[in-house]
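To start, the structure itself, in structure tokens.
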Amino acid sequence: MKGIGSCKEGCRGGRGARRLSSAIGLSLLVCVLLVAPAEAEPGVTPSTIRIGGVMDLEGVSRGLGLGMKTGIEAAVRGQRVRGRRIEFVTLNDSYTPEKSKKATEQLLSQGVFAVVGNVGTPTAKVTLPILAEQGVPAVGFFTGAGILRPGVGDIINYRASYVQETAAVIRQAINAGIKPTEICAYVQNDAYGMAGVEGIKRALAGRRGVEQIVSTLDDIMGRKGALPKRNNLGPVGVYVRNTFTSRDGYNSLKAWESRTGNHCRLVVSVGTYNAIARFAAYARLKGDDWIVSAVSFTGADNYRVTLREFGVTDKVVMTQVVPPLDSDLPIVQEARAALGDDYGYVSLEGYIVGKMFLAIMSRVQGEVTRKNFLRAVRGQRFNVGGVKLDFTEDNQGSDLVAVTYLAGAEYKTMTRTDWRGMVQR
């Protein structure tokens, strides 16, 4: 009987121990569930917030990627959000979509909170769907293409679009006396170049006497495939990304002149600095004194240096989407001091993008999550060191477009007098 009684006591003790163990386990599970959301957010740790970027750091357009990288690094260096330091990790894609896709997948596998400052349109075209699928914000990409406005996924743009840039140049050129039929284009044969052609089409649409040209531009943009035939169709010459051969695109423009009797007085270019500088030099060599304009993505500083190597010093127009380098705005002065010898148009844009990211992070309410980050920017206005950003109507903060011209070793703001003088020469 004693044995039976001992057994009963032991059984009661065993059930109590199991109840206590279950209660402790449940409490631990609740604690884990309460903490998990903050810990599970990719790229966020108790001490760091990791962001990343994929850009050309080794290819023929590396000046653009290195400029953005340097600018963003300078902006976030030593900065903290909620006691966490910002870690910026970059990978090279050599401005090649296939490499960009692989680099993006590698970056996300490492865990990043957001992707910031990526360079290029054809690369963005393949990486944005990946970021959208995984819910990763795309912030401050160095491209003005329409595929990011609004685009697929959670995209936050700093800069004005290529449509706005090309429209600004064309509007001023026409006001200075250039006819709509005298506007031609030399562009990269991909989504980036076609974004520029779209801008030209919109700027010309509605003007008398260019209906057939606008229709031809639609046909050129509508061509499909990896490298569709776009030369010898209209007032457009194209070249292949990451190549420098200008002849085919140049010949396309000459064929247009011969076929129509129109003269390309202004050639709106949309490409990278190496390619566009060589095109301008080739046209001059052939005896064509065209005004060649370039969009901001071309890379003002690298473009200027490359043009000088080929002896091209005048009739060069370029749109900028950042304040003048000698501006007295606080953010420009900060960037100049922080970047030193690396200070320029591209690195300044990178610096502004980095500071924009920090400004948004500073307004995050609650836990540091991607969802709260997006809530902090959408529908909001910011003043980042004197640069005003407005996200109340769309996902693009700035509409700033400044038309400049190359004067020796610097770019100066283009006036109506400057335009008239350039057109008459």
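Scanning the range 311-331 for any residue that is farther than 21 Å from Gly408 by Cα, modelled with pLDDT of 95 or more, surrounded by fewer than 24 Cβ atoms within 10 Å (Cβ to Cβ) and of a type in the set (A, V, I, L, M, F, W, C) turns up at least one such residue. Only residues that are crowded, with 22+ Cβ neighbours inside 10 Å, over 21 Å from Tyr250 (Cβ atoms) and among the hydrophobic types (A, V, I, L, M, F, W, C) were counted in the range 156-169, giving 2.
So that you can scan it fast, the table gives a plain yes or no per residue for (1) outside the structural domain of Val136 (by TED's automatic domain parsing); (2) at pLDDT 95 or above; (3) within 16 Å of Thr319 (Cα to Cα):
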residue	(1), (2), (3)
Gln172	yes, yes, yes
Lys179	yes, yes, no
Val187	yes, yes, yes
Gly209	yes, no, no
Thr216	yes, yes, no
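With respect to the conditions (1) touching a helix residue (DSSP H, G or I) at 6+ places or on another chain (Cβ under 7 Å); (2) not in a helix (DSSP H, G or I), Ala160 lacks only one, and its number is (1). Selection within the range 271-316: residues that are in contact with a Leu (Cβ under 7 Å, 6 or more places away or on another chain) and part of a strand (DSSP E or B). The member of this set that is nearest to Leu406 (Cα to Cα) is Val316. Count of the range 241-264 residues, restricted to those that are buried (at least 19 other Cβ atoms within 10 Å of the Cβ) and either small (Gly, Ala, Ser) or under 31 Å from the mean Cα position of the chain (by Cα) (or both), is 7. Counting only residues that are hydrophobic (A, V, I, L, M, F, W, C) and over 17 Å from Met422 (Cα atoms), the range 147-183 holds 8 of them.
Filter the range 66-89 for residues that are assigned to a loop (DSSP other than H, G, I, E, B) and within 15 Å of Tyr351 (Cα to Cα) and give the result.
Matches in the range 66-89: Arg77, Gly78, Gln79.
For the range 208-215, the condition holds for at least one residue, the condition being that it is among the charged types (D, E, K, R) and part of a loop (DSSP other than H, G, I, E, B).
Residues that are out of contact with any strand residue (DSSP E or B) (no Cβ under 8 Å at 6 or more places or on another chain), more than 27 Å from Asp190 (Cβ to Cβ), modelled with pLDDT under 50 and among the aliphatic types (A, V, I, L, M) are absent from the range 74-95 altogether. Looking across the range 180-210, the residues that are farther than 16 Å from Ala294 by Cβ, of a type in the set (Gly, Ala, Ser) and either buried (at least 24 other Cβ atoms within 10 Å of the Cβ) or over 21 Å from the mean Cα position of the chain (by Cα) (or both) come down to Ala205, Gly206, Gly209. The lone criterion from (1) in contact (Cβ under 8 Å) with a residue 60 or more places away in the chain; (2) small (Gly, Ala, Ser); (3) touching a strand residue (DSSP E or B) at 6+ places or on another chain (Cβ under 6 Å) left unmet by Ala294 is number (1). Here Gln396 clears all of (1) over 25 Å from Ile155 (Cβ atoms); (2) not assigned by TED's automatic domain parsing to the domain that holds Met68 except the condition numbered (1). Here Ala191 fulfils each of the conditions (1) assigned by TED's automatic domain parsing to the domain that holds Ile352; (2) out of contact with any Leu (no Cβ under 7 Å at 6 or more places or on another chain) apart from (1). Residues in the range 361-409 that are more than 18 Å from the chain's Cα centre (by Cα), in a strand (DSSP E or B) and in contact (Cβ under 8 Å) with a residue 60 or more places away in the chain: Val403, Thr404, Tyr405, Leu406.
The values are calculated or read from the model by the stated rules, or taken from the named source; none is laboratory data. Everything quoted here is computed from the prediction, not taken from an experiment. Every residue, glycine as well, gets a Cβ built from its backbone with ideal geometry; the counts of neighbours run over all protein chains shown.
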